[in-house]
Amino acid sequence: MEITLPLFGTATTASDSTGLSVEGLVTSFNTATPWQLRLPASGVVGLTGPSGSGKSTLLAALAGQRRCRGKISFANTVWQCGRRALSTHKRALSLGFQDSRLFAGQSVTDNLALARRYSRRPVPGEECDQLLKAFGIAPLLHQPVELLSGGEAQRVALLRQLFHNAPLQLFDEPLSAVQRTQVLRCLLPTLRDFWARYPALVIWTSHDFDEIQLLAQRCLWMDAADLSAPLPLPEVARHLDTQGVGDSCRSRIEARVESLQESLLTLDLGGVALYADRVAGHYRKGDTAAFLLEAGDISLSAERPGLSSMLNCLPVTLAAKLHLADGRIRLQLTAAGQVLYADISRLSCERLQLHDGATYFAQFKAGSLAGL
């Protein structure tokens, strides 16, 4: 089937451009490395890389806010061909910035109302009320935006983008000023739930790889204006060198949902029951849930512990040991085909007489499972 593109008088096939297609996109920033990209019509894709590598430039070019040449199409519509381009307001997208860019001289309510008024895919009022509560914005509705803190302004700006509910949603460090506990405990689970109910193609740019691990399955890597195709998260983690070095290390784990009762989530990981409390997301039996475990929250035992207030006890196999610069030992553990890390002291390692390939028991609190 051919679809005519009135703007440029050309045609394309529906099967070629139902998602986002970028061909030979060049800005003044990446003259030597034209960007090529193909993404599906929906799903969350991360975007990360060193500062100054071109991430924000890519988003601005996609949104029509950066002069460029090449071809961009989305959902069977060509947005740019060569140097001819649709203006930003004619593209079915929204773009969120780190500095929020709320409309000055207006209240929080005014900013959110504008997003709903011009939305091509309106979000029901009941859903908007739930988002206001989850984001902690309800008490701020009549506040002038100039009086908001940095974190409050970012939450309002992100909420405004959700209210607009564009088919393509671009985010550039949207939660950098928001308290990390609030991000992991509430905002990311809420975002995951929202996009499950209202699918869109989301490109989430962040230097905080925890955000990407909890929202996305794959991630774009940008380094020195060189854009890599969507990569599996473990490969991007190796690029970032987040595993095995640094003060902290979080592991991404997936498990099957068994039940959710009074905010206590029961999961199954390779036949072992795990528990998470203070759960913000909505889950059904059989769902796959992803969460993060901090290496410093895990303790290791040579024998199965007895009855304890620490609910989670997971049999693990020791795969490797890494000596950190601060004197701790980082243990690479495996369980049900997944990798997790635990940081222990050198003395604990000596006392336990740990051996690669041996089985041990990892314990952690129900409150340690972040992002649920």
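The values are calculated or read from the model by the stated rules, or taken from the named source; none is laboratory data. Remember, it's a predicted structure, so these values are computed and weren't measured experimentally. Please note: Cβ atoms are built from the backbone with ideal geometry, for glycine as well, and neighbour counts cover all protein chains shown. Protein only, heavy atoms only, side chains kept; ligands, DNA and RNA dropped before computing areas. Shrake-Rupley method; radii C 1.70, N 1.55, O 1.52, S 1.80 Å.
What tally of residues in the stretch 161-195 results from selecting those that are in a helix (DSSP H, G or I) and open to solvent by less than 40 Å² (accessible area, probe 1.4 Å)?
Of all residues in the stretch 161-195, those in a helix (DSSP H, G or I) come to 161-164, 180-195.
Now drop any that are not open to solvent by less than 40 Å² (accessible area, probe 1.4 Å), which leaves 161-163, 183-184, 186-191, 193-195.
Count: 14.
Looking across the stretch 323-364, the residues that are farther than 15 Å from Asp297 by Cβ and part of a helix (DSSP H, G or I) come down to Arg346, Leu347, Cys349, Glu350, Arg351, Leu352. Applying the criterion of being among the acidic types (Asp, Glu) and at pLDDT below 95 to the residues of the stretch 245-266, the residue that is most open to solvent (accessible area, probe 1.4 Å) is Glu262.
Based on this model, can you work out whether Leu269 counts as open to solvent by less than 50 Å² (accessible area, probe 1.4 Å), more than 15 Å from the chain's Cα centre (by Cα) and either modelled with pLDDT of 95 or more or not basic (Lys, Arg) (or both)? If you could, list the steps in order and put the result at the bottom.
Numbers: open to solvent by less than 50 Å² (accessible area, probe 1.4 Å): yes; more than 15 Å from the chain's Cα centre (by Cα): yes; either modelled with pLDDT of 95 or more or not basic (Lys, Arg) (or both): yes.
Yes, satisfied.
Inspection of the stretch 272-282 identifies at least one residue that is exposed (fewer than 14 other Cβ atoms within 10 Å of the Cβ) and over 15 Å from Gly367 (Cα atoms). Go through the residues of the stretch 70-89 one by one and say whether even a single one is among the hydroxyl-bearing types (Ser, Thr, Tyr), open to solvent by 10 Å² or more (accessible area, probe 1.4 Å), more than 30 Å from Gly24 (Cα to Cα) and not in a helix (DSSP H, G or I). No, that holds for no residue. Of the set (1) modelled with pLDDT of 95 or more; (2) among the hydrophobic types (A, V, I, L, M, F, W, C); (3) out of contact with any Leu (no Cβ under 6 Å at 6 or more places or on another chain); (4) within 30 Å of Leu233 (Cβ to Cβ), all apply to Phe97 but (1). Among the residues of the stretch 139-164, those that are over 23 Å from Tyr198 (Cβ atoms), in contact (Cβ under 8 Å) with a residue 40 or more places away in the chain and not small (Gly, Ala, Ser) comprise Val145, Glu146, Leu148. Among the numbered conditions (1) within 23 Å of Glu211 (Cβ to Cβ); (2) open to solvent by 50 Å² or more (accessible area, probe 1.4 Å); (3) out of contact with any Leu (no Cβ under 7 Å at 6 or more places or on another chain), the only one that Ser42 does not meet is (3).
Applying the condition of being within 22 Å of the chain's Cα centre (by Cα) and at pLDDT 95 or above to the stretch 100-128 and asking which residue is nearest to Asn165 (Cα to Cα) yields Val123.
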